[in-house]
Structure formats: structure tokens, C-alpha cells
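Only one structure is covered here, and it is reproduced in the block below.
The values are calculated or read from the model by the stated rules, or taken from the named source; none is laboratory data. Model, not experiment: these values are computed from the prediction. All Cβ positions, glycine included, derive from the backbone under ideal geometry; neighbour counts span all protein chains shown. Just so you know, the surface numbers come from the protein's heavy atoms only, side chains and all, with ligands and any DNA or RNA stripped out. Shrake-Rupley method; radii C 1.70, N 1.55, O 1.52, S 1.80 Å.
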Amino acid sequence: MVEPTTPRGRYRAQVRAEIKECAWEQIATAGASALSLNAIARRVGMSGPALYRYFAGRDELITELVRDAYRSLAAAFGAADPKAGVAELAHVLRGWALDDPQRYFLVFGTPVPGYHAPGDITTIASEPMTTLLDACTAEHAGDPATPLDAHAAAPPGGQAALDAHLDGRRRWAGGHPAPPAVLRRALTFWTRLHGVLSLELAGHFTGMGFDPALLYAAELDALTGADDGRAEPLSHR
């Protein structure tokens with residue numbers, strides 16, 4: 001492997017970065033499923049076979065883009081104020097998604113046909129969830145009767161059944177030692193906010209005449225119990 005500190009290594013890293021930039025541009029135009037290495041090669045001024053010296057194929061290139069996307073979200077979460085809790089992470093998540101919808105859809109949207117991610121992606125993908133679980137654990141320790149528990153819409157017995165189910169299936173949480181109720185809280189937070197975000201970014205609210213930022217803020221209020229109308233709305237972007 002060529003070391004990036006050598007001239008050859010730095011040149012290789014520069015070309016790989018240029019290829020990835022062109023790939024993101026292509027994804028923004030036609031979607032990840034239409035990614036074409038030949039088109040990218042022409043864009044960066046090299047032949048198709050030459051590009052394969054930098055990426056072995058489409059799947060390796062997609063994998064690098066997925067890794068970069070997850071690392072970007074993990075970095076955004078890591079830069080958030082750790083004392084602000086899950087509400088701050090919700091603000092960060094929406095801002096990150098709106099900054100680059102195609103990046104969001106690559107990791108949280110419809111799977112790319114024919115693409116199979118390598119095993120290490122699971123580890124990278126768990127980093128943002130670990131940050132969320134840490135925040136939920138801290139809040140749960142401060143107030144075991146969490147607002148989510150009080151406002152959950154599950155039928156009687158539903159929460160207990162889900163808690164028991166999640167307690168034995170922690171792979172999605174990266175093996176985090178959080179108690180079952182916290183696992184459920186984090187999972188509910190994650191799925192409900194992503195539901196709103198996915199619909200917003202896909203344009204499903206465009207013709208409905210309301211502000212998706214307010215819907216997202218209201219959903220966050222319901223999740224955190226701050227539904228008394230005093231919570232600050234999320235940024236209108």
C-alpha cells in the first residue's frame with residue numbers, strides 16, 4: 001500500500017478524492033443506482049480502466065461514499081454540546097440531512113440495487129447511534145420516568161414486549177449496555193425523526209402547504225415531553 005505521506009501517496013489520495021467528488025455530483029443528478037464509473041472517468045479525464053486503479057469497482061466506490069457519509073454524521077454528533085441531550089442531536093441530524101439530501105439518502109434511503117455493504121459498515125454506522133444512546137442513557141439516569149415512557153402510544157404490554165425483544169438483540173445498537181427502556185427510547189427517537197426527515201427530503205410535503213420544520217419540532221416535543229408550546233422551533237432551512 002502506498003503511504004499517503006509520499007508524493008505518490010498524496011497524488012493517489014487527491015485523485016481518489018476527485019473521483020468521489022464527481023461521484024457525489026452524479027448521485028445528486030441521477031441517484032446512486034445510476035452511478036457510472038465510465039462517466040466519472042471521463043469527468044476526471046482518465047480512461048475507464050485507469051479509474052479501476054483507484055477503485056476496484058462500483059461497489060468499492062459506493063462503500064467509500066457510505067463510510068464518508070456515516071463519518072460525517074458521527075463528526076457532527078460529536079461536535080454537538082454533550083450536555084444538550086437528545087434535543088440537540090435532533091437539531092444536528094436535521095441540519096446534516098438538509099445540508100446534503102443525497103448523502104442522507106445514500107445511507108438512510110432505498111438500498112442501491114445490487115450493492116452489498118461490507119461488514120465494517122455496520123461498525124461505522126453504529127457510531128451516531130452510540131452517541132444517541134449515550135445521551136438517552138444520561139437523561140434516563142436523571143429522570144427514569146422519561147417523557148417517552150409517559151407518552152408512548154404502544155398498547156398495554158407493548159413496551160414491555162419490545163423492551164424484552166431489544167434486550168436480546170443489541171447488534172443494531174453496537175452492543176451498547178443501555179437498559180432496555182433506553183434502547184427503546186433511542187430507537188423510537190431515531191425512527192420517528194427519520195420518518196419526518198425522509199418524507200420532507202423526498203418532497204412529499206411540498207404541496208401540503210405547511211412548514212416541515214414545525215412538524216419536526218412538534219415530533220421532537222412529543223418525544224422529549226416538551227409539548228407545552230415553549231420549545232424553540234428548529235431552524236427553518
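Quick notes
- Only protein heavy atoms count here; on that basis, with a 1.4 Å probe, Thr191 has an accessible area of about 80 Å².
- Stretchable slack from His204 to Asp81, in nm (0.36 nm times residue separation minus alpha-carbon distance): 41.1 nm
- Accessible surface of Val44, taken over heavy atoms with a 1.4 Å probe and every protein chain present, rounds to 30 Å².
- Accessible surface ranking for Met46, Met208, 1.4 angstrom probe, highest first: Met208, Met46.
- Per-residue SASA remark: Trp172, around 80 Å² accessible (1.4 Å probe; ligands, DNA and RNA not included).
- Compactness ratio for segment 1-110: Cα radius of gyration over 2.2 N^0.38 Å (N = residue count) comes to 1.24.
- Eigenvalues of the alpha-carbon gyration tensor of segment 73-134, scaled by 5 and square-rooted, set the equivalent ellipsoid semi-axes at 23, 15, 8 angstrom, largest first.
- Applying 1/(1 + (r/R0)^6) with R0 = 35 Å to the Cβ-Cβ distance of Arg169 and Arg10 gives a FRET efficiency near 0.20.
- Put simply, the C-alpha atoms of the chain give a gyration tensor, and the ellipsoid matching it has half-axes of 37, 21, 16 Å, longest first.
- The smallest convex shape that holds all Cα atoms of segment 62-102, its convex hull, gives 55 Å³ per residue.
- Span from the segment 189-208 Cα centroid across to the segment 17-59 one, whole angstrom: 29
- Each residue of segment 32-45 is assigned a 3J(HN,Hα), and the resulting list reads 5, 5, 9, 4, 10, 5, 5, 5, 5, 4, 4, 5, 8, x Hz, derived from the Karplus form 6.51 cos²θ - 1.76 cosθ + 1.60 (θ = phi - 60°), x at Gly and Pro.
- Diffusion of segment 8-57 by Stokes-Einstein, at 20 °C in a medium of 1.002 mPa s and with Rh set to the Kirkwood radius over alpha-carbon pairs, works out to 196 µm²/s.
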